[in-house]
1. Has region 70-83 got any residue that is under 23 Å from Lys116 (Cα atoms), open to solvent by 20 Å² or more (accessible area, probe 1.4 Å) and at pLDDT 90 or above?
2. Does Lys522 satisfy the criteria of being of a type outside the set (A, V, I, L, M, F, W, C), outside any helix (DSSP H, G or I), over 25 Å from Ala606 (Cα atoms) and modelled with pLDDT of 95 or more?
3. Given the criterion open to solvent by 40 Å² or more (accessible area, probe 1.4 Å), among the acidic types (Asp, Glu) and under 20 Å from His188 (Cβ atoms), identify the matching residue among Glu274, Glu314.
4. What number of residues in region 457-478 are open to solvent by 10 Å² or more (accessible area, probe 1.4 Å) and in a helix (DSSP H, G or I)?
5. Any chance region 215-233 includes a residue that's farther than 19 Å from Ile309 by Cα, open to solvent by less than 10 Å² (accessible area, probe 1.4 Å) and out of contact with any helix residue (DSSP H, G or I) (no Cβ under 8 Å at 6 or more places or on another chain)?
6. What is the number of the single condition among (1) farther than 25 Å from Tyr173 by Cβ; (2) not in a loop (DSSP other than H, G, I, E, B) that Glu239 does not meet?
7. Given (1) over 18 Å from Glu427 (Cα atoms); (2) buried (at least 19 other Cβ atoms within 10 Å of the Cβ), identify the lone condition not met by Lys552.
Amino acid sequence: MKPSLFLCIFFLVFSSCSIKNEKAIQPQIIPIPYSQKILSGNFILSKETTIIGDLALKNVTNYLNSFITTNFNIKPSAKEAKNSIHLLIDTAIENEEEYHLSIRNNKILIKAKTAKGAFYGVQTLLQLIPVTVTSKNIPIQCIEIKDKPQFSYRGMHLDVGRHLFSVVFIKKYIDILSKLKINTFHWHLTEDQGWRIEIKRYPKLQEIAAYRKETLIGHYNEQPHKFDGKKYGGYYSQEEIKEVVKYASDRFIDIIPEIEMPGHSQAAIAAYPELGCTGDSVKVATKWGVFKEIYCPKETTFTFLENVIDEVVELFPSKYIHIGGDEAPKTNWKNCNHCQKLIKNKNLKDEHGLQSHFISRMEKYINKKGKQIIGWDEILEGGLAPNATVMSWRGTKGAIEAAKQKHTVILTPMSHCYFDHYQSENEEEPLAIGGYLPLKKVYSFNPIPEELNEEEAKYVLGAQGNIWTEYMKTSDKVEYMAFPRIIALAEATWSKPALKDYTDFKHRLIHFQKRLDALHIKYANHLYEIEGKIIPVENNINYQLTCNTKGKQIHYTTDNSEPTSNSSIYSLPIPVKESTIIKAASFDGSKKISTIHIAKINKHNAIGKTITLSKPPHKSYNAGGKQALINGVSGSSKRYGDKEWLGFWGDDITITIDLGTPLEIHSIATRFYNANGQWIYAPKNIEITLDNNSSIKEIMNTETVSNNLIVNYKKEFNNKKAQFITLTIPNYGVIPEGKQGSGNKAWTFIDEIIVN
């Protein structure tokens, strides 16, 4: 999309020009500025307005000028008029990205140390113009703003290896990032399923590696796997990449390319089998996951990668090259004579040490090219390359370890930054990889781990959101999964923590969504969704409903019918006397404005009782707390990330329920998630103890249930009396070789424990 065309489209946010007496909008700026003071009066943007900028700000001035000229037919003036906008360099400003915006009745002044800072000032100014206007004289609220970012690295990622997206969409994506003051675009260009960047020295990367013969249909966890039988692929030419890089540069966004090594390289090995350890012919991967085909650390491989890097560095002026380094199974290295000799000759500890050697060697070459490397946190294993920056994705542990070693780090943990996870518990959400990451959790993210002291925290550059596209075939789906979570992360990385307020953010987001509408962004809207909670009351239970956004009415039913504006109005928690289904939705008058919240409440004897766990759930999968195991509400049967499923990583778990008084136990039932492709395994056995004197052990044969996404467990007890119930649940153990996540401990996910 040409810049002038985009500006025309963007101006639809603001312009329809017909009626006078327009009112200035109250500031609803995202990300919220460091300091802002509303003043009395308005600046009137009209055909009399002129724009003047310092020579060093020529590009930014032209950007704003083009916007105004295109829509108001105002010719730039070299002379200062009474009604003017000034863009000035101010060397007294310390931060490279800081800006000062002053709006008075007849003058708008944007001051910054650099063009980037001035550009951010322009973006804030544009947010002060109404979404739609009805006058040729547009008032802008007088205000004083001083603004600067909390972190220097504010990034968003996009995976084009699994699914490819047009240059037009990539530009659209970059443009909205720039409006949110995000300064880095991480472009994930190579994968097992497709190589997406033209390398002229190696034409088979375009002919073979860029295409797969077919693509997985449905979710990876659905067995048996099915495929669409359609060839899929493509790549970006070097000219297209230059075009995108220039477009991003004009919007002060650095593009970091990712060229995966040594793992996630099956597509390249399909094109050039000599790059692998076996030399065997392989195909470009047609499904998602982790594959044993990885680069062999031979001289021919290093020559190939160095030649690739030679072309990559000429295309991307960014300081960094991302080299991946994640999920590289060592199976082929263990069985490779060359690799084993190299480990011995280099006096390396093991295959992890060999990966460190591999990364260090490539880092030296990339450093010679004037670039630095970024790698996923697996590059810590076996020893960190000397100048590497760590991108911590498996939690914050990698970031903490790297910062303590005085390496710069970027936080992108799955718990807060993986926008391929579900953002709503509604069963009608489009297919996603799994997990649960609502908007509020993204907004709450603090990129500085609490384990770091003040000095160590200086190594935290910032944070990044990730968009992995296994289940995103279209750009519309990318937008739905990315927005508004990108917007929440933008504020979490730009604005100082003391200014963050989720209720205020939601209010501003409602206004910002109108701008997204004008830009034709297909965002998700869960601002009015209903949340439910069991409230124990003596020997009874109530069900509490709340709306994510205040001021809207909730209507509900208990007869399994769909709620309408004529259904019962929610005011107090709903008494639950027996197992029931509650359906509820938010309404604005007679209009339903949320999806339908469905709570299937299974009333049983353990609800609301005392429960203790030998180990707390992993913090990424503990949304409902331990009471979620006995609250009468089961988790989703399609995904494990909602607040009803509790996840434990590698731990054996003992759960004790105190019923308060001895009761006759007829049966105990629970269930486990069993998504082996996502490292989640049902336990091999469970042991149940009643009052410490009647042990019953149930063995699960995992071979017979390995294809089942949900593994159910139920045991009859013939009305034995007990007050205390203890469940001992051993972790599955280390994931075996050849499976996804091999060598790592498995996850255990537990749902409702039903006691009758």
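1. For region 70-83, residues under 23 Å from Lys116 (Cα atoms), open to solvent by 20 Å² or more (accessible area, probe 1.4 Å) and at pLDDT 90 or above: absent.
2. The answer is yes for Lys522.
3. Glu314
4. The number of residues fulfilling the criteria is 4.
5. The answer is yes, given that some residue of region 215-233 is farther than 19 Å from Ile309 by Cα, open to solvent by less than 10 Å² (accessible area, probe 1.4 Å) and out of contact with any helix residue (DSSP H, G or I) (no Cβ under 8 Å at 6 or more places or on another chain).
6. (1)
7. It fails just one condition, (2).
Here's the yes/no breakdown for (1) surrounded by 20 or more Cβ atoms within 10 Å (Cβ to Cβ); (2) modelled with pLDDT under 95:
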residue	(1), (2)
Lys592	no, yes
Ile601	yes, yes
Asn605	no, yes
Gly608	no, yes
Ser614	no, no
Ser637	no, yes
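The values are calculated or read from the model by the stated rules, or taken from the named source; none is laboratory data. Remember, predicted model here, so these are calculated numbers, not experimental data. Glycine also receives a Cβ, built like all others from the backbone with ideal geometry; neighbour counts cover every protein chain displayed. Ligands, DNA and RNA are excluded from the accessible area calculation, which covers all protein heavy atoms including side chains. Shrake-Rupley method; radii C 1.70, N 1.55, O 1.52, S 1.80 Å.
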